[in-house]
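Everything below concerns the one structure shown next.
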Amino acid sequence: MRIDIESANNWSDREVVEQWHRCFNGTGLGQKFVKGEVIEEYQVAKLKHLIATYRSRLCDISWFMRCLNEPIARKANIEDNCTGHFWEGRFKSQALLDEAAVLACMAYVELNPIRAKMVDTLENSDHTSIQLRVNAALKGEQPSKLLPFIGDERLNQPKGINFALKDYLELVDETGRIIRDDKRGSISAKSTKILMKLNISSDNWIKLTSEFGELFHGPVGETQSLTRYCEHLQKRRRHFSKSCLHFQAD
């Protein structure tokens, strides 16, 4: 998941309230504001606080997961004729600190069906983003719900992943063949260039895309990214720094 805080901060107060009302039932004060009705002076401070709360929640993963969890849990409990928590524990999230971490995690998730020997090809990997990307690419399109691949970095570039989609598809396909055949195999010269750009060796890439879930239980990224992350949160110790060493060339 990617949070676009910049867009949320650029929304006008009216846009924030309208977006909130599209997702939830708004308060009477918010409805009055959207309709352009007069807001009494004593209510202005309350309205500003309300808008700030809405703006914060609309770009908060915890709030999103809470809203996603509740209706699913209610329906499941009705079907099972029971009460109580649907999930055994709260959802868990990991911070992906840089582009290398994002791509490694993406590839790991894309290859779950391959590793489980449920399918032989990426095109048949249901419920994965790569299947959506492949099917859309065959039509010369881009999945509207996914962040696009936009090629190399450039001035005034749109928001997206700074790699070519074709290169990413080939890299994941080659990785899947190695994992599926249960042998070391090799990464092509073209895909090796992508890994060089990410500063990841071929061996480390195979390990990351095979054991990501076991290697990481916290923030993920290059050691420099982890250092900046810890400094930002004022953490004295860099937990999981050993695992982050996989994000570097040998």
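The values are calculated or read from the model by the stated rules, or taken from the named source; none is laboratory data. Note that the structure is a prediction, hence the values are computed from the model and not measured. Cβ: placed from backbone, ideal geometry, glycine included. Neighbour counts: every protein chain shown. Side chains included, ligands, DNA and RNA excluded: accessible areas come from the protein's heavy atoms. Shrake-Rupley method; radii C 1.70, N 1.55, O 1.52, S 1.80 Å.
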Evaluate region 31-39: report whether one residue or more is out of contact with any Lys or Arg (no Cβ under 9 Å at 6 or more places or on another chain) and hydrophobic (A, V, I, L, M, F, W, C). no
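Is it true that some residue in region 16-30 is among the aromatic types (Phe, Trp, Tyr) and over 29 Å from Val102 (Cβ atoms)?
Yes, that holds for at least one residue.
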Where Asp126 falls short, out of the listed (1) within 29 Å of Gly160 (Cβ to Cβ); (2) at pLDDT below 85; (3) of a type in the set (Asp, Glu): (2)
I'd like the full set of residues that are open to solvent by 30 Å² or more (accessible area, probe 1.4 Å) and either in a helix (DSSP H, G or I) or on the phi < 0 side of the Ramachandran plot (or both), limited to region 120-129. Asp120, Thr121, Glu123, Asn124, Asp126, Ser129
Just one of (1) farther than 30 Å from Ser129 by Cβ; (2) under 24 Å from the mean Cα position of the chain (by Cα); (3) basic (Lys, Arg) trips up Arg22, so point out which. (1)
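Answer yes or no as to whether Met1 is under 30 Å from Leu233 (Cα atoms), touching a Phe, Trp or Tyr at 6+ places or on another chain (Cβ under 7 Å) and at pLDDT below 85. Before the answer, list the steps.
Details: under 30 Å from Leu233 (Cα atoms): yes; touching a Phe, Trp or Tyr at 6+ places or on another chain (Cβ under 7 Å): no; at pLDDT below 85: yes.
No; evaluated as a whole, the condition is false for this residue.
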Which numbered condition Ala137 misses (of (1) surrounded by fewer than 19 Cβ atoms within 10 Å (Cβ to Cβ); (2) part of a helix (DSSP H, G or I); (3) free of Cβ contacts under 8 Å to residues at least 24 places away in the same chain): (3)
Restricting region 227-250 to residues that are part of a helix (DSSP H, G or I) and closer than 25 Å to Asn112 by Cβ, which is least open to solvent (accessible area, probe 1.4 Å)? Cys244
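From the list Lys197, Lys207, exactly one residue is open to solvent by 40 Å² or more (accessible area, probe 1.4 Å), closer than 21 Å to Leu111 by Cα and either in a helix (DSSP H, G or I) or among the polar types (S, T, N, Q) (or both). Which is it?
On the way: Lys197 fails: closer than 21 Å to Leu111 by Cα.
When all the criteria are applied, what remains is Lys207.
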Return the residue satisfying two criteria in turn: it lies in region 1-50 and is aromatic (Phe, Trp, Tyr) and part of a helix (DSSP H, G or I), and of such residues it is least open to solvent (accessible area, probe 1.4 Å). Trp20
